[in-house]
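The values are calculated or read from the model by the stated rules, or taken from the named source; none is laboratory data. Treat the numbers as computed from the prediction; the structure is a model and nothing was measured. Heads up, the Cβs are rebuilt from the backbone with ideal geometry, glycines too, and the neighbour counts pull from every protein chain shown.
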Amino acid sequence: MRTDPRLFAAPPVPLSLPPATAPELTVRDVPQPQGIDLTAIRHDVDRTLAVFLDAKARAAADRELPAEVTCLLREFVLSGGKRLRPLLCVVGWYAAGGQGVPPAGVVQVAASLEMFHAFALIHDDVMDGTLLRRGAPTVHRALAAHHAGRRNADRLGEHAAILLGDLAHSWSDELLCTAEFPHSRLAAVREVVDAMRWEVMFGQYLDLVATGDPANDEVQALRIARYKTAMYTVERPLHLGAALAGAGPGLQAALSAYALPLGEAFQLRDDLLGTFGDPRTTGKPCLDDLRDGKGTLLVALAMSRADEAQRHTLSTLFGSPGLDEEQAVRLRAVLDDTGARATIERLISTRYEQARRALDRAALPPVATDTLREIALSSTERTS
């Protein structure tokens, strides 16, 4: 595996930094910036996805192919989600000088990111054995229910979900390749998308290898967060939108200085929500990460600071498939008592401040700066 030099050229902030003050505003307190209508962009992305998926459903029906495939994928894609990656793609276009209403081609490229994300989530849920996503059964569980009564319904659901994920991956590429944008930009766009895809695959592999082993490797935990989330969720979507507007390497580097710390903060918040979050708000169980033994920085910090009794609790309960809520309470207590949870909160605040300072230095168009400030706050203060 080729090591990304940015991991060493711009290393994560050391864990020993002094506590930073978390922003006091909540997401709902942040005003909508003038100039970029995020709600309208989200609506345009959803409409693009709906039109595309409806056309695929009609094509499948014309060939008398199973309707549940396109219906279930359509329902999964359009039933929820933050649309963070498509929004960042469009904001990246504004950051590189785009003005006015984003062209249909830009919106379609942004929508292709959401289709790719559907692929990633469907496969991720199969690998993790997750039962709920966005408050509803995951795709493999929905497929198992569709085929209930068959002897191998559960196994069939998992295998069929892999195929649906592959289909989403293929259709993501189709959305990208059929979007109308200047042909001269194609090489730069493909370079960003290709990098995003292999980076997130390696990030997922690193995550799988680390799962089930409550190690105290803090550097590796941050590395996973950077590859699996920071680059995929924030950096590459911004790069993609900027490439559509013809951005050069200087602007892309400025966007990376903002995106990488923010992406790490996003993942660190996700780790906390996966362990301490309210399932009624997050839409997914709060036991899965503990049962799976996810190799997060939260757990790595706890392992490195635990006393003998706490380490025994972590070693015996963390990663136990049969973990119940009472045992989870004991694990959460260790994560609290070792100071791991508080440290993660401070790191989130520190990463937020890094991203904000990078944005101040970037000299982007004001509408892009304002929107990226809002996204930074909402990403780090979110509860779902």
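Looking for something surrounded by fewer than 17 Cβ atoms within 10 Å (Cβ to Cβ), assigned by TED's automatic domain parsing to the domain that holds Leu262, among the β-branched types (Val, Ile, Thr) and within 22 Å of Leu262 (Cα to Cα) - is there at least one such residue anywhere in region 296-309?
Within region 296-309 (the criterion being surrounded by fewer than 17 Cβ atoms within 10 Å (Cβ to Cβ), assigned by TED's automatic domain parsing to the domain that holds Leu262, among the β-branched types (Val, Ile, Thr) and within 22 Å of Leu262 (Cα to Cα)), the answer is no, since none of the residues qualifies.
Cβ contacts < 9 Å: first residue without any contact (Cβ under 8 Å) to a residue 40 or more places away in the chain and within 17 Å of Leu347 (Cβ to Cβ), restricted to region 268-296; second residue assigned to a helix (DSSP H, G or I) and of a type in the set (Asp, Glu), any location; separation 6+ or different chain. Result?
Listed pairs, sorted by first residue: Gly274/Asp288; Gly274/Asp289.
So which of Ala309, Ala333, Ala342, Ala328 ends up being assigned to a helix (DSSP H, G or I), touching a residue at least 24 places away in the same chain (Cβ under 8 Å) and of a type outside the set (D, E, K, R)?
Ala328
Which numbered condition in (1) modelled with pLDDT of 95 or more; (2) under 27 Å from Gln204 (Cβ atoms) is the only one that Arg305 fails?
Condition (2) is where Arg305 drops out.
Of everything in region 43-80, what is surrounded by fewer than 20 Cβ atoms within 10 Å (Cβ to Cβ) and under 30 Å from Asp370 (Cα atoms)? Give them in sequence order.
His43, Asp46, Arg47, Ala50, Leu78, Ser79, Gly80
The rows are residues; the columns are (1) surrounded by 22 or more Cβ atoms within 10 Å (Cβ to Cβ); (2) without any contact (Cβ under 8 Å) to a residue 24 or more places away in the chain.
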residue: Leu186; (1), (2): no, yes
residue: Val189; (1), (2): no, no
residue: Asp194; (1), (2): no, yes
residue: Trp198; (1), (2): no, yes
residue: Ala215; (1), (2): no, no
residue: Val219; (1), (2): no, yes
residue: Lys228; (1), (2): yes, no
residue: Leu238; (1), (2): yes, no
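Taking Glu114 as the residue in question, decide whether it is part of a helix (DSSP H, G or I), touching a Gly at 6+ places or on another chain (Cβ under 8 Å), of a type in the set (Asp, Glu) and not assigned by TED's automatic domain parsing to the domain that holds Ala257.
yes
Against the definition (over 26 Å from Glu199 (Cα atoms) and in contact with a strand residue (DSSP E or B) (Cβ under 9 Å, 6 or more places away or on another chain)), how does Ala145 come out, yes or no?
For Ala145, the condition - over 26 Å from Glu199 (Cα atoms) and in contact with a strand residue (DSSP E or B) (Cβ under 9 Å, 6 or more places away or on another chain) - is met.
If we scan region 169-177, do we find a residue that is assigned to a helix (DSSP H, G or I) and aromatic (Phe, Trp, Tyr)?
Yes, that holds for at least one residue.
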